[in-house]
Amino acid sequence: KGVPPLAEAARCRPGLASVVAGHFDPADRWVRAWRAAAPPNVTFTGRLARGALRDLYARAHVYVQLSLHEGFGVAVAEGLGAGCVPVVTPLPSLVWIAGSASEPVAGDAGPAVIAGALDRALARQPPPDCAPELERRYGMDARRAALSAMVRRYAPARS
C-alpha cells in the first residue's frame, strides 16, 4: 500500500534500497505502471513465504506503510516485532499499533517529505523487542493478544 509515493521517495534517495513485498497481479495495469516507473533502487519481490518475509524484516531497518485506509496494521506489527522503525501515515489503526516507535508522514505528503521521514527513521535506534509493550498497551483483548503472540512467534531472536 502506498507504492507510488514510496517509489517517488526512493527516487530522492538513490543510495537507499527499497523492497516492495507482496502479491501484485502482474496483469493489473496499475502494477505494470508502478513497476515501469519505479527507480532502480526499488525491488518488487512478489509474494514471499513466511520464512522469506521474516528474513526480509530482519534485514530491514525501516518498514513503510503509506496506506490511505487500513483496517488493522498487522504488517506494521510484524515489522515492529522484527525491530523495524515504521514510517506510517497517521491513520488510527497504524498509529495505534506503531505508537511512538513510528515516524508519521501525511498521506498526501510529497516525495521529499516521505524521504525526510525515511531519513529520520534510519537515524533512529530500532525499537526494542516490542512484544511486551504490545501486550501492555493492548491488554487481554483476544485479537490484540493473538497479535502479540504472533509477534513473539515470528520476530527474530534478539542478541
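Here, each number is a calculation from the coordinates, and none is a lab measurement. Predicted model only: the values in this text are computed from it and were never measured. Positions of Cβ are backbone-derived with ideal geometry, glycine not excepted, and every protein chain shown enters the neighbour counts.
Some points to look at:
- Condition broken by Arg11, with the remaining ones in (1) under 24 Å from Ala123 (Cβ atoms); (2) touching a Ser or Thr at 6+ places or on another chain (Cβ under 9 Å) satisfied: (2)
A quick yes/no check of all residues on (1) in contact with a strand residue (DSSP E or B) (Cβ under 9 Å, 6 or more places away or on another chain); (2) crowded, with 17+ Cβ neighbours inside 10 Å; (3) hydrophobic (A, V, I, L, M, F, W, C):
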site	(1), (2), (3)
Pro14	no, no, no
His23	yes, no, no
Arg29	no, no, no
Ala36	no, no, yes
Pro40	no, no, no
Leu48	yes, no, yes
Gly51	no, no, no
Leu68	no, no, yes
Gly73	yes, yes, no
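- Enumeration of residues in region 103-125 that are closer than 17 Å to Ala58 by Cα and buried (at least 17 other Cβ atoms within 10 Å of the Cβ): Ala121
- Helices (runs of 4 or more DSSP H) wholly inside region 1-86 that include at least 3 residues being closer than 19 Å to Ala106 by Cα: 3-12
- Gly81 vs. criteria more than 17 Å from Leu118 (Cβ to Cβ) and under 14 Å from the mean Cα position of the chain (by Cα): yes
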